[in-house]
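Remarks on the structure that follows.
The values are calculated or read from the model by the stated rules, or taken from the named source; none is laboratory data. Fair warning: this is a prediction, and the values are worked out from it, not measured in the lab. As a convention, Cβ positions derive from the backbone with ideal geometry for all residues, glycine included, and neighbour counts pool all protein chains shown. These area figures cover heavy atoms from the full protein model, side chains too; ligands, DNA and RNA do not enter into them. Shrake-Rupley method; radii C 1.70, N 1.55, O 1.52, S 1.80 Å.
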Amino acid sequence: MKCNSHILFSLIVLSIGLNTIPVVSKDSKSGSGSYVLACGASGSGTDSDGRNWQSDANYIISSGNSTAATAQNQDPSLPSTIPYMTARIFSSKSTYKFSVPKKGRLWVRLHFYPSTYSSLDPNTSYFSVTANTFTLLNNFSASITAQALTQAFIVREFSLIPIDSGTLNLTFTPSSNYDNAYAFVNGIEVIPMPDIYQPAALVGFSDQTLDVGSSTLQTMFRLNVGGRFIPAIKDSGLTRTWYDDTPYLFGAGSGVTSQANISIQYPTDNLPKSIAPLDVYSTARSMGPDSKVNQNYNLTWIFQVDPNFTYAFRFHFCEYQETKVNQRVFDIYVNNQTAQEGADVIGWAGSQGVPIYKDYAVYVGDRSGDDDLWVALHPSVSMKPEYYDAILNGLEIFKLNDSRGNLAGPNPVPSLMMLQAEAKKGFSPSRSSFVPLIGGILGGSAGIAIAALISIFVYRKMSCDYGNQYGSSAGLIADSTTNDTDANHREIAGTEETGREGTDEPYTREIFSAVNPKGR
């Protein structure tokens, strides 16, 4: 276990920079209802992925309340200077106006790089963002958020319901609760999207569903379970980014990962390619080969969320190891409630290698501990399957707007451990994160450092014999999902059940719980 912790520490500098790179489609352009804007830029420019970003100047209703600015410092973890090195600064309420299709949902992605612009203190930036009648952010501090998440830049993704008027007003308003508060944004994306949301089974209420498609949503988590980081340019047409699930796993029972060695094909009837890329369905995380062990633990993930909201879950499944009904059957739990009994992927999909997804919804209240959302899988003992095991390929979690049209939650709180570490090392609290500072120290030696870390990781991984474990963050350079498999998944490489100690990572908190077949 200690060896895994050392690997995590050695790679954290790289993982933070690699796991948060959102990309949009290269063919998105204004005039067709799509807008990809570099805010504060004097003209159009191309980023490191070859995408073209236009200036935002033509879309601001009142430009007198804003100024264009350039960041005084470039963090080494930025994926590109465009759009992050320029910003639009707002000293008072200001609005962008976009002409959009009257039918169909919209992606709205907001990019923030909390640096110093025109001598403005990033710690005094507090503001709200509204999209017509919906509140996307309120009293938002990009600086606090970046520090708490140990990231240099922040991206917020929303899916808006169709706008009948054909006009999207995106309004930035500095907070009146703070002196010298200002608003800013580095990049804006407004892109039409298909309606991929279906009614979700309401957890805890028998035979009741929730119409997710009638709500505006915020993407909270999008995970390629058991697989690696998938950039948006490799998504199935919707420019989404998929992350490794490892940082969200709870406890020692982290299961094993595998990769399909058969052809995965979308069904022609009820699952369009836009639901998820084939790379999501080609890898998975299961519980392991020991049925006795599996019956005594849950495969569990923990997510930190905002209370007093309803959340929709999309579970992605593809069975590429088993071939028959009742070979692998399991129960699904969400926040200690049964979401699905007797989940049988072959029974749902009809055959091996066919993707399928299931949607559920749950309301998260404001009781103590409700900001931690638990997802757990456990073998369905009552069904007496051939193998006591569970499997998951992908997971998406969305926040639904409340009755007031609000999606905004509070700013996250930086962990005490991180603040103490910064204080001991003399880091400035005005910096967005201690990780970028480490990256800055690396400077021109980054290539040598990366090579060294790779060598350390490979050596330590071999010596620790950690089987299918990745590390701690999405998009790591190491790939442990290439184990050969066949129809009998009991022959997966690394059959020894290996664990992962609970860690205080950017998106999870240190939590201890006894094994409970009912969820946590």
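The residues in the range 255-298 that are open to solvent by 40 Å² or more (accessible area, probe 1.4 Å) and hydroxyl-bearing (Ser, Thr, Tyr) can be counted, and the count is 3. Quick check: anything in the range 185-193 surrounded by fewer than 18 Cβ atoms within 10 Å (Cβ to Cβ), closer than 25 Å to Phe315 by Cα, free of Cβ contacts under 8 Å to residues at least 40 places away in the same chain and not hydroxyl-bearing (Ser, Thr, Tyr)? For the range 185-193, residues surrounded by fewer than 18 Cβ atoms within 10 Å (Cβ to Cβ), closer than 25 Å to Phe315 by Cα, free of Cβ contacts under 8 Å to residues at least 40 places away in the same chain and not hydroxyl-bearing (Ser, Thr, Tyr): absent.
How many residues are more than 27 Å from Ser254 (Cα to Cα) and in contact with a Ser or Thr (Cβ under 9 Å, 6 or more places away or on another chain) when one looks only at the range 213-236?
6
The set of residues from the range 347-371 being open to solvent by less than 50 Å² (accessible area, probe 1.4 Å), assigned to a strand (DSSP E or B) and farther than 16 Å from Ala284 by Cα comprises Asp359, Tyr360, Ala361, Val362, Val364.
Of everything in the range 94-140 that's basic (Lys, Arg) and at pLDDT 95 or above, which residue is nearest to Thr46 (Cα to Cα)?
Going through the qualifying residues, I end up with Arg109.
Among the residues of the range 228-258, those identified as in contact with a helix residue (DSSP H, G or I) (Cβ under 7 Å, 6 or more places away or on another chain) and of a type in the set (A, V, I, L, M) are Ile230, Leu238.
The selection criterion, being more than 22 Å from Ser62 (Cβ to Cβ), open to solvent by 10 Å² or more (accessible area, probe 1.4 Å), in contact (Cβ under 8 Å) with a residue 24 or more places away in the chain and among the polar types (S, T, N, Q), does not hold for Asn132. Considering every residue within the range 277-292, establish whether at least one is farther than 24 Å from Gly237 by Cα, part of a strand (DSSP E or B) and at pLDDT below 95. Checked against the condition, which is being farther than 24 Å from Gly237 by Cα, part of a strand (DSSP E or B) and at pLDDT below 95, the range 277-292 yields no hits at all. Of everything in the range 299-343, what is open to solvent by less than 20 Å² (accessible area, probe 1.4 Å), free of Cβ contacts under 8 Å to residues at least 60 places away in the same chain and either among the β-branched types (Val, Ile, Thr) or not in a strand (DSSP E or B) (or both)? Give them in sequence order. Within the range 299-343, Val329, Ile332 qualify.
Within the range 414-427, is there a residue that is assigned to a loop (DSSP other than H, G, I, E, B), at pLDDT below 95 and among the aromatic types (Phe, Trp, Tyr)? Yes; the residues of the range 414-427 include at least one that is assigned to a loop (DSSP other than H, G, I, E, B), at pLDDT below 95 and among the aromatic types (Phe, Trp, Tyr).
Just name the residue that is most open to solvent (accessible area, probe 1.4 Å) out of those in the range 372-391 that are of a type in the set (Ser, Thr, Tyr) and not in a loop (DSSP other than H, G, I, E, B).
Per the stated criteria, the residue is Ser382.
Need pairs with beta-carbon distance below 6 Å; first residue over 19 Å from Pro231 (Cα atoms) and within the range 143-170, second part of a helix (DSSP H, G or I); sequence gap 6+ or separate chains. Here the result reads Ser143/Pro122; Ser143/Asn123; Thr150/Ile16; Thr150/Val435, each pair linking the range 143-170 to a residue that is part of a helix (DSSP H, G or I). Restricted to the range 179-251, the set of strands (runs of 3 or more DSSP E) holding at least 1 residues that are more than 26 Å from Leu299 (Cα to Cα) comprises 183-185, 187-193, 217-224. Among the conditions (1) assigned to a strand (DSSP E or B); (2) over 22 Å from the mean Cα position of the chain (by Cα), the only one that Gln265 does not satisfy is (1). Among residues of the range 403-416 that are under 18 Å from Ala131 (Cα atoms), those with a beta-carbon under 8 Å from a residue that is small (Gly, Ala, Ser) at least six positions away or on a different chain give the pairs Ala408/Ser128.
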